[in-house]
Each structure stands twice: as C-alpha cells, then as structure tokens.
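The values are calculated or read from the model by the stated rules, or taken from the named source; none is laboratory data. All of these numbers come straight from a predicted model, not from anything done at the bench. Backbone-built Cβ (ideal geometry, glycine too); neighbour counts: all protein chains shown. We work out accessible area using only protein heavy atoms, side chains counted, and drop any ligands, DNA or RNA first. Shrake-Rupley method; radii C 1.70, N 1.55, O 1.52, S 1.80 Å.
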Amino acid sequence: MAPTELLSLASLSLLLALVAQPHEAYGSTRGSFLSNDGSAAVNGICATSVTIHGYKCQEHEVKTKDGYILSMQRIPERRFEGNGNAGIKKQPILIQHGVLVDGMTWLLNSPQQNLPMILADYGFDVWIANTRGTRFCRKHVSLDSAQPEFWNWSWDELVSFDLPAVFDFVFNQTQQKIHYIGHSLGTLIGLASFSEGHQADTLKSAAFLSPIAYLSHMNTALGMVAAKAFVGEITTWFGVAEFNPKGQKASAFLKRLCNYPGVDCYDLLTAITGTKAMINFFNLNSCNSLYTGKNCCLNFSTVDLFIKNEPQSTATKNMVHLAQTVRDGVIAKYNYGRPDYNRMHYGEAKPPVYNISAIPRNLPIFISYGGQDALSDVKDVLLLLDSLKFHDEDKLMVQFIKDYAHADFIMGTNAKDIVYNQVLRFFKNQQ
C-alpha cells in the first residue's frame, strides 16, 4: 500500500466515528442490542427505539448474493393507526445510513423530530437499511465475523450487493417502486449504484442528504493532522481486517492525534464533522455543554445517545477505499495498488470510474447540503452537481443550508422544518 494512501486512510478513519472510547451500546430506552460478536439480541432496533413510541415495527433479514445477512426494520404505518386502512398500499421509502454508524442513527431524536417516524406519520411505508459489519449485520451463510474473510469488502460491495438486495426485498414485499434516502456514505453508494443501473426497475426517486460523492476538499481539523501523522502508526492497521472504532487501537491512535498542536479534541464532533456540538473526548459519558449555531442545533440528549450507540465497525478495506476517493478525487472502484492486481479484477490497469452522469436524466433527485459541513464540502458538492448538469431540470431539486453541518441532517432538532419538510414535498410531487 502506498504511503499516500495510508495517510489518507488516517484522515478517513476520523470521518465520523472516532468520537468515543470503548463503551457499551444501548438505545433511547431500556433494552439491549446485538453485541459485536454477533450474539442474539434481547431487543433490536424495533423493540428498543420504535414500538415504545406507539409505532408498529417489523424486523427483517435480507440475504445478499455474496452471502451476507442484513438486518432491516420496517415501520409500515402511522403511530396508533387503526385497522381502517388495512390493505391500502403505501409508498415504500428505503433509508440508508452513512459509514461507521447503523440505522439506529436515524432514530435518536424524538418521534416528532426523527425522519423515519415523520415519514411514517405522513403515510409512507418506511424501511431502514443496515450495512454489513454493523452490530445487527454480522452474519453470513458460511463465514464468521471473527474471520478476516468476512471483512474482505469495500463500498463497491455495498453498491453491487447490499443495496440491490435490500431494494429487491422491499420491492418483492410491496410490489411498488421505491423512494430512496441516503445520508453521507448512503449517498455515495446510491449514486454509484444508480449510475450502473442496478435499481433501474425498482427506483422511483432519490434524496441525498449531505452527499459525499467527491471528497477531495474534505477539510476536517483532525483529518488534516492525521494526514501528517507518522505513517508507521497507520501501517499497524494492515493485517486487521475489521476496522473497529471502539477498539483499543483506534482509541489510542486518536488520543495521540489529539496531542498534536492546534487540535482541540474537547470540541471533537466539530473537529470531525463541522457540527457545532461540544464534546469532551476524555469524558464522553458526561457531555457537559452544547453549542449550537444559527439554524442548526443538536440537543444534549441526542448527542449523548449518539455517543453511546455509535460508532459501528466496518471493513478496513472499506476505509482504504474511501481514502482513495479523497486522494484521487474521482469516484472509482477499489484500487488494489498494482496494475497487475487491478487487471486480475477489472481487466485493466486502473480501476473503472463510476460515471455519475450515467444516472438516468429523468430520475427525480433531491440534494440537500450544508455550508458548514467539513465532510461534504461545498466545493465537492458542486463537483457532484456538475456531474448532473445534463439532468432534466425539472427532475433535480437542490437545497443549500448555509448553517448546516454533517450531523445536522440526521440529528438536528430543526431538521424537520428545514430539511424533512422539503423531502416530503419532493416525494409528494413524485406520486
């Protein structure tokens, strides 16, 4: 692996997840979750975070073509909805989370403020996806999550296997085309997958919140320091197939970075995502203050729940692939580092590029991005919009929120008024 790639990996490892020392996972109420060893959960996301608020919720398992077993949650109707609407078909919506988190991230705010329940209350059939490697998706038909082979994947496999599997499952269950919502990495895999026509027959429209299709202008404070870190520290990750941000290596690595001059890890979430929430890294379970900017705010309880529930594991190979996206400034398949290895996989010396402009021009698309987002930088979003410059004008809706940062799109207390109402209007226009 080239030194520049290894250094880029360090910056990517700090995208969103390294905000906590090792901790136990738990939800917004009493209950327990699936542990990282894949043991059975007493209560899953439905029981712990959805049904307690009066919503019906179903747990589903979806098998990918390469053998991974993914967990999905379905909120099929409004809160306390009676049987009068039984049999009425509702428009399905699939929601996909970002890197190093899982579907729980959408549910940290109150029912009046979190996107899945807002959508359900507006009459949609809501499906929450979880990617391989997260706490509820650590099963495979023949591999164990303790085996390195289990972690031999990058976001290419999320594009080629995970997303098609969940789309097919929802379509088979509902027999209707599907609205898609992605945040962060969920936007990248959606854009890449749609550009290759994987969901051509099942996709109705797509909403991308805080898109990270391009990453070459990412300017997080910790990311810049990590890029200058001694490469010997980063090379210790190789040979470790599972990238576990809760593990001792990640925690120790981040602490060392926090000692660099000019890095303020007390304000860690701001340093990583641009979100204005004050978090004491060395005492994360007692967040003692919270700063919010104009029109963007994360409340204390939401941030506390985020820290207690996230981050989630992913594949080290996935982090390397994201690092390549930062380094190379293009959206391409995984680079195996040597022309001969790339030829073995792709038949050519360089990995193929995902052609975002190949997304059907008549696909309705909504894009929302923020002016304070250190991960989805404005310059990178403009590159994405340039890739869509030939899209049908009446099929592309773009929202810019000057004061929003990366986490505000899923945890902001005013996201309903600023973002979600626009998403609802967009979907209603596609009916």
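Descriptive notes on the structure:
- Subset of region 348-369 [open to solvent by 60 Å² or more (accessible area, probe 1.4 Å) and part of a loop (DSSP other than H, G, I, E, B)]: GLU348, LYS350, ASN355, PRO360, ARG361, ASN362
- Test: residue in region 105-122 that is in contact (Cβ under 8 Å) with a residue 60 or more places away in the chain, over 24 Å from SER49 (Cβ atoms) and open to solvent by 10 Å² or more (accessible area, probe 1.4 Å): no
- Flag if GLU59 is open to solvent by 10 Å² or more (accessible area, probe 1.4 Å) and at pLDDT below 95: no
- Qualifying residue in region 67-79 (condition: modelled with pLDDT of 95 or more and not in a strand (DSSP E or B)): yes
- Test: residue in region 65-74 that is out of contact with any helix residue (DSSP H, G or I) (no Cβ under 8 Å at 6 or more places or on another chain) and on the phi > 0 side of the Ramachandran plot: yes
- Residues considered: ASN283, ASN288. Of these, the only one that is out of contact with any Gly (no Cβ under 7 Å at 6 or more places or on another chain), loosely packed, with under 14 Cβ neighbours inside 10 Å, modelled with pLDDT under 75 and not in a helix (DSSP H, G or I) is ASN288.
- Exactly one residue among LYS139, LYS228, LYS204 is open to solvent by 30 Å² or more (accessible area, probe 1.4 Å), of a type in the set (Lys, Arg), at pLDDT 95 or above and over 29 Å from PHE426 (Cβ atoms), and that residue is LYS139.
- Contact annotation: residue pairs with Cβ atoms under 8 Å, 6 or more positions apart or on different chains, pairing a residue in region 391-414 that is over 20 Å from ASN114 (Cα atoms) with a partner that is charged (D, E, K, R), are HIS391/ARG361; ASP392/ARG361; LYS395/ARG361.
- Scanning region 146-183 for residues that are open to solvent by 10 Å² or more (accessible area, probe 1.4 Å) and either part of a loop (DSSP other than H, G, I, E, B) or at positive phi (or both) returns ALA146, GLN147, ASN152, GLN175, GLN176, LYS177.
- Which listed residue, of LEU382, LEU396, is within 22 Å of ILE356 (Cβ to Cβ) and either polar (S, T, N, Q) or surrounded by fewer than 16 Cβ atoms within 10 Å (Cβ to Cβ) (or both): LEU382
- Residue in region 320-347 that is least open to solvent (accessible area, probe 1.4 Å), counting only those that are part of a loop (DSSP other than H, G, I, E, B) and aliphatic (A, V, I, L, M): ILE331
- Lone qualifier among ILE359, ILE410 - being β-branched (Val, Ile, Thr) and at pLDDT 95 or above: ILE359
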